[in-house]
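Report on the following structure.
The values are calculated or read from the model by the stated rules, or taken from the named source; none is laboratory data. Owing to the predicted nature of the structure, the values given are computational and were not obtained by experimental measurement. Methodologically, a virtual Cβ is constructed for each residue, glycine included, from the backbone with ideal geometry; neighbour enumeration extends over all protein chains shown. When the accessible area is computed, the model is the full protein with side chains, heavy atoms only, and any ligands, DNA or RNA have been set aside. Shrake-Rupley method; radii C 1.70, N 1.55, O 1.52, S 1.80 Å.
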Amino acid sequence: MANLIEIKGVTHAYRTKAGPLPVLSDLNLAIPEGEFAAVVGPSGCGKSTLTRLIAGLMRPDLGEVWLHGEPVRSPRKTVGMAFQNPVMLEWRTILQNVILPLEIVAPRMPQRQREDRAMKLLDLVGLKGFEGKRPSELSGGMRQRASLCRAIVHKPEVLIMDEPFGALDAFTREDLWQTMRDLRAKEPFTCVLITHDLRESVFLGDQVFVLSGRPATTQHVLDVDLPADRTLDILFTPQVADMLHLLRDQIQIAQGRVPGAAAAGGH
Amino acid sequence: MLQKIAVPVLAILGFLGFWEFIVWVNGWPNYKMASPSDLPAAYVRFAPLFLEMGWQTLWRTVAGLVVAVVAGTALGMAMGFSRIARDALYPLLVGFNAIPKATLVPVIALLFIGQHDFNTVLMAFLISFFPIAVSVGIGLSTLEPEYRDILRALGASRVTIFWKIALPKTLPEFFGALKVSVTLAFIGTNLVEIVSPHGRGLGALFKSGETNGDYPLMFAVLIALAVLGIVLYYAVVALERIFAGWAERPQG
C-alpha cells in the first residue's frame, strides 16, 4: 500500500533566547494508508513538534512532510487532532462540540446530517444519552471520548493524537484503548499516536517508532505483529513482553543510558 | 428563590435602620445629616424631577457603557492578538487610568463647550472602558494553543477562530469586567453632571440640593443613584446568565 504520510529528512530548531534549540534532526517516517503508527520517545524529544508538522500548523526548517503524495505547506481539512487536554468548548453541548469540525469543513452540510453523523460516533464510543450534556457534567474519560469523536467526525485521512490518554487513570485508559480499537474497525483512518506508554503503543500500534533524545531522529521501528482485534489479555503474552522489553531498552538508549543498567544496579 | 430576595432586602433594611439610628442617637438636625425617614418626603416633592433627571443619568450612563464595551473590546482584541499592540498600549492605558477623571472634566468642558450630553457620555466611557479592555486582552492572550489548533488544523481563518472559540471563551471575564464598569460609568456621568454649570441629570439635582441646603434632597439623589446602579448591575447579571451561563458551576 502507498504511504499516506511521509516525513523526509525533517530538521527543525526553535529559536530561543539562548540560541537555536534543535528538536528534530533528519527525521524520516513513512506511514502506509490505514496504518496505526505509535511514536514513543523520551520526554521533550520533539514528539509534539512532529504532530504540528504533520498537521501543517508549522513548517520544518529543512526536509518535507508529504501527505497523500503532496507536500504539506499549510493546514488542510483532512486532519483530525486530539490532545491530552480534551479541549471541550464549555459553552457547547457534547453534540455541538462533536459537530464543530463539520461547521468548518462542510459549511453547507445540513445541520440534521451533521447531527446524525455525530450521534453515530457518540453511540460508537458509548456516549449515547450524553449528547445534550455540557462537558463540565462529564468525567475526564467521557470528555476524552467526545474529543475522539470530534477528531474523526469529518472523516479525516489522518488522525493525530498527542498523548490523548495521558491524564486518565489506568483503568479508564485501558477502556479507551479498546474504544480506539473498535472505532478503527468501523471508521478506518490512518493514525499517528504520540505516547509515553509503551503498553499503549503496542496495544494500538501497527508500527512503533522510537525517537532518539533531542534532537530527535528515528532510532528504531518495531513492527507489531499482532492481530487487529487484539484484546487486553494479549498484553500478558510472552510475545508482547519481549516487544515491551525491546522498546524499553530502546528508550534507555534514547535517554543516553546503557540498556538494562538500571535493573542490574538494583541487585 | 424566596431566600434569594429576602436576604438582600433584609440586609438593605438593616442598613437603613442603622443609618436612622446613627442620626437619631447623635441628634443631628436635617441641615447636618439627613436620615432615611426624611427621604420619602423629598421623593414625593420632587417626583417629576427625579423621573426626568434619573432618565437622563440612566441613558447617558448606558450610552457611555455601550461605547466602552465597543472600544474596550476593540482595544482588548488588539492587545490580545498582537504582542506589539500589547507592549505599546498597556503603559498608555494604565497611565491614563491612573489620572483622576475629575481633572479631565474642565478639559472636556472646554474642548466641547455646551455639548453637555456628549461630554457626559464621553466621561462615562473614559472612566469605564479600562477593565473591559484589560479583561478581553488577557482572555484572548491566555487562550490555550490547543483551542486554536483544533480549528487551525482544519484551515479555519483567524476570524472564524475568534467567533467560534476566542470570543465565547472570553465572555465570563468580559462580564466580570462589565460589572465593574457599570458602577464606574455612573461615577463618570455624575462627575460631569455635578461639576458642569447648568448641568442636567441626577448629579445636577444633587448640586441644586446642595445649593439650597436641602439635605434630604441630596441624600434622596444618592439613594436614587444607588438604586439605578443596582438595577443596571443586575441587568448585566441577567445578560451574563444568558450568554455566559455555562461558566457557572453548580454549587455543592
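General observations
- Qualifying residue in segment B:99-108 (condition: open to solvent by 20 Å² or more (accessible area, probe 1.4 Å), aliphatic (A, V, I, L, M), under 30 Å from A:Val79 (Cα atoms) and out of contact with any Phe, Trp or Tyr (no Cβ under 9 Å at 6 or more places or on another chain)): no
- Selection of helices (runs of 4 or more DSSP H) fully inside segment B:1-85 by the criterion of at least 1 residues being within 30 Å of B:Arg158 (Cα to Cα) returns B:47-81.
- Flag if A:Val105 is of a type outside the set (D, E, K, R) and away from chain B (no Cβ under 12 Å): no
- Members of segment B:152-167 found to be out of contact with any Leu (no Cβ under 7 Å at 6 or more places or on another chain) and either of a type in the set (Phe, Trp, Tyr) or within 11 Å of another protein chain (Cβ to nearest Cβ) (or both), listed by number: B:Leu154, B:Gly155, B:Ala156, B:Ser157, B:Phe162, B:Trp163, B:Leu167
- Within segment B:237-252, residues that are modelled with pLDDT of 85 or more sit with their Cβ atoms under 6 Å from residues that are surrounded by 11 or more Cβ atoms within 10 Å (Cβ to Cβ), at 6+ positions apart or across chains, in these pairs: B:Glu240/B:Phe175; B:Phe243/B:Leu171; B:Ala244/B:Leu171; B:Ala244/B:Pro172; B:Ala244/B:Phe175.
- Residue within segment A:201-221 that is touching a Phe, Trp or Tyr at 6+ places or on another chain (Cβ under 9 Å), of a type in the set (D, E, K, R), within 20 Å of A:Asp162 (Cβ to Cβ) and open to solvent by 50 Å² or more (accessible area, probe 1.4 Å) present: no
- Within segment A:25-77, the set of residues being more than 22 Å from A:Arg199 (Cα to Cα), away from chain B (no Cβ under 13 Å), open to solvent by 50 Å² or more (accessible area, probe 1.4 Å) and out of contact with any helix residue (DSSP H, G or I) (no Cβ under 9 Å at 6 or more places or on another chain) comprises A:Asp26, A:Asn28, A:Glu33, A:Asp61, A:Leu62, A:Glu64, A:Trp66, A:His68, A:Gly69, A:Glu70.
- Being open to solvent by less than 70 Å² (accessible area, probe 1.4 Å), hydroxyl-bearing (Ser, Thr, Tyr) and in contact (Cβ under 8 Å) with a residue 12 or more places away in the chain is not true of A:Thr237.
- Conditions (1) of a type outside the set (D, E, K, R); (2) open to solvent by 30 Å² or more (accessible area, probe 1.4 Å); (3) closer than 24 Å to A:Cys191 by Cα; (4) touching a residue at least 40 places away in the same chain (Cβ under 8 Å); number of the one not met by A:Gly80: (2)
- Filtering segment A:78-89 to residues that are over 22 Å from A:His196 (Cβ atoms) and facing chain B (nearest Cβ under 7 Å) leaves A:Val79, A:Leu89.
- Every residue from segment B:135-146 that is closer than 13 Å to B:Gly80 by Cβ and within 13 Å of chain A (Cβ to nearest Cβ): B:Leu143
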